[in-house]
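Quick notes on the structure that follows.
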Amino acid sequence: MTTHARPSSDTSAELLDVFKALANPVRLQLLQWLRDPEHHFPVAEGIADPHEVGVCVSHLQAKTGLAQSTVSAYMASLERAGLVRSTRVGKWTHYRRDEERIAGIIDLLGHSL
């Protein structure tokens, strides 16, 4: 008989945080848009490199049509889950995907399920 180790509670909690963040369709869409920022946002109007620094929250807000506070809350949720990183440039906050962390989550998911 073969036994398999159960995922640790830390691993399960980490994955649950990610699943909760991705359960909202707008947060999932934001993460998808950030995968290719040049295609989805007016990069020429930005003040920073979208791959290095990220996309300004004002551009995210304009694309979603939601209130700035809602978009900020959504991005904070994605950041807590480790899916994006934020950078302040002056008074603006920019977000970009954390590709290394996303790859780690995919790997963790593959080993946990």
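Bear in mind these aren't lab numbers, they're just calculated from the coordinates by the rules spelled out. All values reported here derive from a predicted model rather than from experimental measurement. A quick note on method: Cβ atoms are made from the backbone with ideal geometry, for glycine too, and the neighbour counts reach across all protein chains shown.
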Checklist line | Where labels lie 7 Å past Cα in the beta-carbon direction, separation of Leu108 and Phe19 in nm | finding: 1.3
Item checked: Area projected by the alpha carbon convex hull of the range 9-112, averaged over all directions, nm² -> 6.6
